[in-house]
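Trainee: Take this structure, written in structure tokens, and hold onto it; I'll ask about it next.
The values are calculated or read from the model by the stated rules, or taken from the named source; none is laboratory data. Owing to the predicted nature of the structure, the values given are computational and were not obtained by experimental measurement. Quick reminder, even Gly has a Cβ in these numbers, built from the backbone with ideal geometry, and neighbours come from all protein chains shown. For accessibility, only protein heavy atoms count, side chains too; no ligands or nucleic acids. Shrake-Rupley method; radii C 1.70, N 1.55, O 1.52, S 1.80 Å.
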Amino acid sequence: MSPVFRYGLLAGVAAAILLILAPQPQGAVAAFALVAAQLLAGAAILWRRTGLKYATASLITGAAGAALIAYLFAAGLELFSLSAAPVAAAVLLIAGPVLFAVEARANPAKWRAWREQVENASVVDLLRGRHIPHLR
């Protein structure tokens, strides 16, 4: 089982606990705020170590989308309406994978080096940001 899959499984269990078992909307706010914080920290590490601009922008847009969703839950607004804020959150969350795909094509050598580093990382390495190599 790959470390990325194990990390995703661990994050999914933590999110499920906060989204299902915790009192709402506090649990949802906490879950999405934690995701936003982790994505922002990852973006800072990624930019400092690699300079991959599209991947960094991907993490920043994901953090903005998660923060916006946390705000929507905290404000008690309807998340699944077609008003501007939920649509903006969806656009931000969709932009992330698109920017990652662009990065893979824009900087294939750095992308390949990063993927090799991730394949040899553990879940603890992923949590501590050690899966991001120094490529500058």
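Trainee: Measuring from label point to label point, each 7 Å out along Cα→Cβ, what is the ALA22 to ALA37 span in nm?
Mentor: 1.0
Trainee: With a 1.4 Å probe and every protein chain left in place, work out the accessible area per residue of the chain in Å², rounded to a whole number.
Mentor: Normalised by residue count, the accessible surface of the chain is 60 Å².
Trainee: Then there's this: Counting other Cβ atoms within 10 Å of each Cβ, which chymotrypsin sites (Phe, Trp or Tyr not before Pro) in the stretch 41-129 have at most 11 and sit in a DSSP loop?
Mentor: The qualifying sites are PHE80.
Trainee: I need the trypsin sites (Lys or Arg not before Pro) found in the stretch 1-65, filtered to DSSP loop residues with at most 10 other beta carbons within 10 Å of theirs.
Mentor: Passing both the DSSP loop test and the Cβ count: no residue.
Trainee: Only helices at least 24 Å long along their own axis, judged from Cα atoms, and with Kyte-Doolittle mean hydropathy of 1.0 or greater: name those in the chain from DSSP H.
Mentor: 26-50, 53-75, 84-106
Trainee: I need the Kirkwood Rh of the chain: take the reciprocal of the average 1/r across all distinct C-alpha pairs and report it in angstrom. Please report the intermediate quantities before stating the final value.
Mentor: On the way: mean 1/r = 0.0633 Å⁻¹.
About 15.8 Å, per the Kirkwood formula over Cα pairs.
Trainee: Still on this model: Okay, helix-only estimate at 222 nm for the chain: each DSSP H run of n ≥ 4 adds -39500 (n - 2.57), divide by all residues, round to 500 deg cm²/dmol; what do you get?
Mentor: One gets -25500 deg cm²/dmol as the mean residue ellipticity at 222 nm.
Trainee: Keeping every protein chain in place, order VAL91, VAL118 by accessible area at 1.4 Å, biggest value first, i.e. largest first. Could the numbers behind the result be given before it?
Mentor: Values: VAL91 90, VAL118 25 Å².
Result of the area sort, largest leading: VAL91, VAL118.
Trainee: Quick one: with all protein chains in place, what share of the accessible area of the stretch 1-43 is carbon or sulfur, to the nearest percent (1.4 Å probe)?
Mentor: Numbers: 2180 of 2650 Å².
Carbon plus sulfur share of accessible area: 82 percent.
Trainee: Another one. Round to a whole number: what % of the accessible area of the stretch 46-108 belongs to carbon and sulfur, probe 1.4 Å?
Mentor: Working: 2460 of 3400 Å².
In the stretch 46-108, the share of accessible area belonging to carbon and sulfur is 72 percent.
Trainee: Determine, from the Cβ-Cβ distance of ARG48 and ALA74 and an R0 of 30 Å, the FRET efficiency 1/(1 + (r/R0)^6), rounded to the nearest 0.05.
Mentor: So the FRET efficiency works out to roughly 0.45.
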